[in-house]
Amino acid sequence: MAKTSSSRGCSAVPRKQLIKTLTSMIAASLLAIGLSGTAVQATTTSGSQITEVGQQAFKDLSTCLTSGTTKALDVFYLVDSSGSLSYTDEKEVRRTVLENSVGQLQNFSNQGVKVSFAAALFSDSVKPISNWMSLTAPSDFEKAVSLITQKVNNDNVRGFTDWEEGLIRAKEALSSRPINNCKMLVWLTDGGINPTGEIRDTLASLKRL
């Protein structure tokens, strides 16, 4: 499942354009995994395909990009690479989902938003895919798509699923960016937290989270 979160601090982008861009990103991802255009529409109105947390993130990002003081968006992709992906996503559909999602970031740039991108894989450890890079020209977006999709495959999946370690690293990366920038975390995982395979470690990590 993919989860999205955001924080405030960005500037005036016309709300209608922003909603169209966000809807486009969601549509690209949902259609990539076989959902219909009707489902995408439901996502943006009734929330039938996105959790309440996701809907709130959508609203937060909208507010950030339309009422802040700087036109900048930092997007961090945190992608599960635990061993279970070899059978929960045997056909590597997540590659297409991520390719579409990263590609759609160009729509923000076209509206005058300064977009920066970073990404990492996580399982029972975190492996960087890309440090922060500015996405301005079409070639920048193509490079970002290539960086993330070439690392996301079932040859690279192994280990447990340590949400805590992944989210700590994502928070550190986003916190290193200018405070007034809008910030978005795109977190893709296939299941529950399982840092070591031991239930006591899972419960301890959940408590800390």
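The values are calculated or read from the model by the stated rules, or taken from the named source; none is laboratory data. Remember, it's a predicted structure, so these values are computed and weren't measured experimentally. Glycine gets a Cβ as well: all are built from the backbone with ideal geometry, and neighbour counts include every protein chain shown. When the accessible area is computed, the model is the full protein with side chains, heavy atoms only, and any ligands, DNA or RNA have been set aside. Shrake-Rupley method; radii C 1.70, N 1.55, O 1.52, S 1.80 Å.
Among the lysines of the stretch 64-168, pairs at least eight places apart or on separate chains and with Cα atoms under 20 Å apart come to 6.
Label the stretch 80-186 by shape, choosing from rounded, prolate and oblate, from the square roots a ≥ b ≥ c of the eigenvalues of the Cα gyration tensor; if a/c is under 1.5 it is rounded, and otherwise prolate applies when a/b is larger than b/c, oblate when it is not. Here the stretch 80-186 falls in the oblate category. Using Cβ point charges alone (K and R +1, D and E -1), the dipole size of the stretch 117-208 about the Cα centre works out to roughly 260 debye.
The apolar share of the surface of the stretch 135-183, taken as the fraction of accessible area on carbon and sulfur atoms (1.4 Å probe, ligands and nucleic acids excluded), comes to 50 percent. Label sites at ILE168 and THR69, each approximated as a point 7 angstrom past Cα along Cα to Cβ, lie 3.3 nm apart.
Take the Cα of SER139, step 7 Å toward its Cβ, do the same at LEU206, and the gap between the two points is 5.0 nm. Per-residue 3J(HN,Hα) values for the stretch 113-126, derived from phi via the Karplus relation 6.51 cos²θ - 1.76 cosθ + 1.60 with θ = phi - 60°, read 8, 7, 9, 10, 10, 8, 7, 8, 8, 9, 9, 9, 8, 10 Hz in sequence order (x marks Gly and Pro).
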